[in-house]
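S.K.: The structure's right below; bear with me while I get my questions together.
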Amino acid sequence: MGDHNQPFLPVSGDPECVPIQGDDVVDDSLHRPQQGSTKSKLLLAVFSGIFVVCLILAGGYDKSGVVKVAQLGGVDELGVGPIEMPAGSTIVRPAVSRGKSAGVSEKANLSPEQLLGGGEVSGDGLTEDFPWNNSMLSWQRTAFHFQPEKNWMNDPNGPLFYKGWYHFFYQYNPNAAVWGDIVWGHAVSRDMIHWLHLPLAMVADQWYDVQGVWTGSATILPDGKVMMLYTGSTNESVQVQNLAYPANHDDPLLLDWVKHPGNPVLVPPPGIHHKDFRDPTTAWKTSEGKWRITIGSKVNKTGIALIYDTDDFINFELKDGFLHGVPGTGMWECVDFYPVAVAGGNGLDTSVNGAGVRHVVKASLDDDRHDYYAIGTYDEEAGKWYPDNPTIDVGIGIRYDYGIFYASKTFFDQSKQRRVLWGWIGEWDSEAADVRKGWASLQGMPRTVVLDTKTGSNLLQWPVVESESLRLRSKEFKNVVAKPGAVVPIKLEAATQLDIVAEFELDKEAVERVAESDEEFKCSSSKGAAHRGALGPFGLLVLSEETLSEQTPVYFYVVKGKNATLRTYFCADQSRSSLANDVNKQIYGSYVPVLTGEKFAVRMLVDHSIIESFAQGGRSVITSRVYPTKAIYGAARLFLFNNGTEAGVTASLKVWQMNSAFIRPFPNL
Amino acid sequence: MIRSTIFCILTLYPISCIQATPSIPNILGNNLIDQTCKKTPYYDLCIQTLVSCPESFHTDLEGLAKITVGAIAQKASAALRRIETILTKKEHSKPAVREALNACASRYRAVVEQDVPETLMSLRTGNYKFASRGTNDAATEAMSCEEDFAAGESPLSDLNVAVHDVSVVAAAIVQAVIES
């Protein structure tokens, strides 16, 4: 892939561009940060900048596209409403030359008293006082979430259970802590918790995947053989589908993979742009005995799922029409399609169809970087799927997760008869910090997925039961009362690796007494935990510091509306999660149904810089990435809080310390 | 008079785009540039950045995105040059300022060495969300650099604002590419 160490330099003394070929040239000389002194780094960066500008100007361009104004309506709750802005899109100008009294940015400026102690100078001239220091950064690595030893990761790929091992593949950059140079990483586990790293499964060594070995899915045939379909970005930036299979089906570790000599097996069909064709799914059987897959794409602004049938995973037939499409949703990435049992309980093999079964269609929307799903009916003969409720169709309705969670993919675990969901958890800090700490991204804790039999209109997600094997000592806190405005410490030996199960009840008499409100509440446009209502917010302050200078509230907010009906919202508030000025400070969440007789219930996995919060048994989930500067190591605390104005809250919680999963390379390979 | 003329030329025609001496084009005559800049929060800056590069008149939306990414790289490099200059004059800055400058250098190196290449690769291969990530991050790095200084002490304010604003413009154009 070229020489990583010698970026092109312009002809000396001449500011004109050095002409190069157009877009087609694979150029990775820009990806590698250089070692060396600060001064030479600066000079190199300057030349890199000039070179990059020349590269852009001298490069060729794609065919022109018509520019259309996009309006994407959507929901952030189980209902209709405007969509939440993607993180980072709120425009806040740098706070320039203002005194502290007038209009200074809300983000706290660090004073010497607020900084951690220390004074040694690190290699790049920064003292240990200055975020980000090594202590803060190394704390961020998780103890029991999947992540490679270093560098960048994104989409989960081809998960499967094979000969006694859970296999996990993933988009990986072996060279840097940002996206690029993408290949397939690989790891195995007996229990989806204790992972062992294996060598890379596939690298970008063919013309049809030289610009990226992108996302794909596994299909296990009835005879046990594995077919892996994946997207390659070719030397001319065309997105194609390729077939790969294990070199040795007797190897339980599936170490080596063979790319089919006749690749690619699919190229973009007529009418589909060559950059809108990626992420093939697991195949399922049709009643004709063929295998069927779907691939996401778009036509103008309508996101669609194309259908292909095949007998051999080599020759494919494009079916007329699409499995489904939703106008205005844009490109559908990482489409997923699978059955769920109406009666709940076990998961179902991807090929299952018939009575007592609904089908889920899921898409990752490129437009807003969120994962959406909808439940509906699959008409196998017509090759079509219809949502049960078109107002919450794919891309305009329910999300798997109201925090950071993308490119998710399920697989059927035949050993335990469950459907398991993987999701890519990116970073909410700056790329400069990612470069300093040397890694970026996590995978979510794998979750089982079943239909919510009580509502019938959404899924329930819950950490796989093996997560409980990480539980160590526990402490119970029964009937802890938090009056309006109260913050109650939950005394623990440590507070950075936790499994929390909590239930809350509002004072009944207060609920009856308070007036009806016509408040239209949204987590994202509220003031977070500081947004006081009569019946909320109440919940937990996670990864908090003793004086609450840093705190991450995860909470319920209840509105008593017309006819005394209660509407509950479940939110996570990043706004005071860290004193640092370069991390996400938004508020996330959604409406969550709380049925008669249910208490407000939450389970939270706290694992250093990730918090996963599951409300009402997994009816609404929020994944958060948090980067405190002070609430780390022994200084992290947990609090119960109630910032409502009228009703007291009674909470009962059980908190386990969580063990490390000791994720490491597979021994003796 | 001469000084302001030179200032005008350097502002409107940054070094990277100097070919011959172009005449100021009829902006209203080019629909794509006008329509695209209307989707960004800093219309005037967007126009200025694109118009100063003759290639913008013969390219598509993706090409316009790349031109603004080039402007990010250029301004970030300028920030790195100024940081270098100040740091070599050891006697002129307080320790807190030097520390912030070092932090800013890390940030701007990340912009030039990580954000910009990531964004270009993303645009080239059509996996556009990473271009969104890269351009938004460049804005974050610039803003955070400014906030690393106590009030009134930043020697980089103009460049921080410049990188931030052009990054926001680039991010908006990238979003237009995604939605097109």
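The values are calculated or read from the model by the stated rules, or taken from the named source; none is laboratory data. Since the structure is predicted, the reported quantities are computational estimates derived from the model, not experimental observations. In this analysis, Cβ positions are derived from the backbone assuming ideal geometry, glycine residues included, and neighbour counts consider all displayed protein chains. Remember, those area values only see protein heavy atoms, side chains included, never the ligands or the DNA or RNA. Shrake-Rupley method; radii C 1.70, N 1.55, O 1.52, S 1.80 Å.
S.K.: Give the average, rounded to an integer, of partner chain Cβ atoms located within 10 angstrom of each Cβ in A:209-217.
M.R.: 1
S.K.: Taking the Cα centre of segment A:427-468 as origin and charging only Cβ (+1 Lys, Arg; -1 Asp, Glu), how large is the dipole, in debye to the nearest 20? Show your work: numbers first, answer last.
M.R.: Values: 4 positive and 7 negative charges, 22 e Å.
Taking the Cα centre of segment A:427-468 as origin, the dipole is about 100 debye.
S.K.: Oh, and also: Sorted by accessible area with a 1.4 angstrom probe, largest first, how do A:His608, B:His58 fall? Don't skip to the end; give the middle numbers.
M.R.: On the way: A:His608 20, B:His58 155 Å².
So the residues, ranked largest to smallest area, are B:His58, A:His608.
S.K.: Calculate the translational D of segment A:522-605 in whole µm² s⁻¹ from Stokes-Einstein, where the hydrodynamic radius comes from the Kirkwood formula applied to all Cα pairs, the temperature is 37 °C and the viscosity 0.692 mPa s. Mind dumping the intermediate values first?
M.R.: On the way: Rh = 13.6 Å.
Using the Kirkwood radius from Cα pairs, D works out to 242 µm²/s.
S.K.: Sticking with this structure for a sec: When the convex hull of the C-alpha atoms of segment B:27-180 is computed, what volume per residue in Å³ does it have? Working shown, then result.
M.R.: Values: hull volume 15.3 nm³, N = 154.
Convex hull of Cα atoms, per residue: 100 Å³.
S.K.: Right, another one. What are the ³J(HN,Hα) couplings of segment A:449-463, residue after residue, when phi is run through the Karplus curve with 6.51, -1.76, 1.60 and θ = phi - 60°? Round to Hz, x for glycine and proline.
M.R.: 10, 9, 6, 7, 5, 7, 9, x, 10, 8, 9, 10, 10, 8, x
S.K.: While we're on this one: What's the average, rounded to a whole number, of partner chain beta-carbon atoms within 10 Å of each residue's beta-carbon in A:359-369?
M.R.: Details: counts 0, 0, 0, 0, 0, 1, 2, 7, 6, 4, 4.
Rounded to a whole number, the mean comes out at 2.
S.K.: Relative contact order of segment A:314-418: what whole-number percent is it, with Cα pairs under 8 angstrom and at least 6 residues apart? Numbers along the way, then the final one.
M.R.: Working: 183 pairs, mean separation 28.3, N = 105.
Averaging sequence separation for qualifying contacts and normalising by length gives 27 percent for segment A:314-418.
S.K.: Starting from the Cα coordinates of segment A:198-237, work out the convex hull volume and express it per residue in Å³. Working shown, then result.
M.R.: On the way: hull volume 3.1 nm³, N = 40.
Dividing the Cα hull volume of segment A:198-237 by its residues yields 78 Å³.
S.K.: Separation of segment A:294-338 and segment A:493-568 by C-alpha centroid, Å?
M.R.: Answer, in whole Å: 41.
S.K.: Could you tell me which residue out of A:Val326, A:Thr234, A:Pro280 lies farthest along the dipole of segment A:203-338 toward its positive end? Charges go on the beta carbon: Lys and Arg +1, Asp and Glu -1, centred on the Cα centre.
M.R.: A:Val326
S.K.: Same structure, new question: Which far-off residues, 5 or more places away or on another chain, put their amide H under 5 Å from the one on A:Val592, with H placed in the peptide plane?
M.R.: A:Thr568, A:Tyr569, A:Phe570
S.K.: What Rg and what Dmax come out for segment A:223-287 when only alpha-carbon atoms are used, in angstroms?
M.R.: That works out to 13.8, 42 Å for Rg and Dmax.
S.K.: What FRET efficiency comes out for the pair A:Asp349/A:Asp256, r = Cβ-Cβ distance, R0 = 30 Å, nearest 0.05?
M.R.: Working: r = 27 Å, r/R0 = 0.90.
Once rounded, the FRET efficiency stands at 0.65.
S.K.: Ok, one more. Counting partner chain Cβ atoms within 10 Å of every residue's Cβ in A:577-584, what's the average? If you can, show how the numbers build up before the last one.
M.R.: Numbers: counts 0, 0, 0, 2, 7, 10, 2, 1.
Mean inter-chain Cβ contacts per residue within 10 Å come to 3.
S.K.: Turning to a different aspect of this structure: Compute the convex hull volume of the Cα atoms of segment A:261-349, divide it by the residue count, and report the result per residue in Å³ as a whole number. It would help to have the intermediate numbers written out before the result.
M.R.: On the way: hull volume 11.3 nm³, N = 89.
In segment A:261-349, the Cα convex hull volume per residue is 126 Å³.
S.K.: Excluding residues on the same chain fewer than 8 positions from A:Lys475, give the lysines whose Cα lies under 29 Å from its Cα.
M.R.: A:Lys483, A:Lys491, A:Lys508, A:Lys599, A:Lys630, A:Lys654
S.K.: Let me ask you something else. Any idea of A:Lys150's accessible area? Nearest 10 Å², probe 1.4 Å.
M.R.: 120 Å²
S.K.: Run through all the Cα pairs of segment A:394-510 and give the fraction in each 10 Å bin from 0, expressed as whole percent.
M.R.: Calculated P(r), rounded to whole percents: 9, 26, 31, 27, 6, 0.
S.K.: Distance between Cα centroids, segment B:91-117 to segment A:611-650: provide it in whole Å.
M.R.: So the two Cα centres are separated by 34 Å.
S.K.: Sticking with this structure for a sec: Using the Cα atoms of segment B:70-133 to build a convex hull, what is its mean projected area in square nanometres?
M.R.: On the way: hull surface 17.7 nm².
Mean projected area for segment B:70-133: 4.4 nm², to one decimal.
S.K.: Right, here's the next one. Provide the per-residue ³J(HN,Hα) series for segment A:501-517, in order, calculated from phi with Karplus coefficients 6.51, -1.76, 1.60 and θ = phi - 60°, each as a whole number of Hz, with x at glycine and proline positions.
M.R.: Karplus values, whole Hz, x for Gly and Pro: 10, 9, 10, 10, 10, 8, 4, 4, 5, 5, 4, 5, 7, 5, 6, 6, 10.
S.K.: Can you check what the net charge comes to around A:Tyr208, using other residues whose Cβ is under 12 Å from the Cβ of A:Tyr208 (Lys, Arg +1; Asp, Glu -1)? All intermediate terms of the calculation are to be shown ahead of the outcome.
M.R.: Details: positive: A:Lys259; negative: A:Asp205, A:Asp209, A:Glu236.
Surrounding charge for A:Tyr208 is -2.
S.K.: If you don't mind, another one. When the distances between all Cα atoms of segment A:471-558 are binned every 10 Å from zero, what whole-number percent does each bin get?
M.R.: Using 10 Å bins, I get a P(r) of 13, 43, 32, 11, 1 for segment A:471-558.
S.K.: Moving on. With the radius of gyration and the Kirkwood radius both derived from the Cα set of segment A:292-450, what is their ratio Rg to Rh?
M.R.: 1.00
S.K.: How would B:Ser122, A:Ser474 rank on accessible area, largest to smallest, probe 1.4 Å? Please list the in-between numbers first.
M.R.: On the way: B:Ser122 0, A:Ser474 55 Å².
Final ranking, largest accessible area leading: A:Ser474, B:Ser122.
S.K.: Okay, next question. Which order do peptides A:351-364, A:377-390 fall in by mean Cβ count within 10 Å, highest first? Don't skip to the end; give the middle numbers.
M.R.: Working: A:351-364: 18.6, A:377-390: 14.9.
Answer by packing, highest mean first, reads A:351-364, A:377-390.
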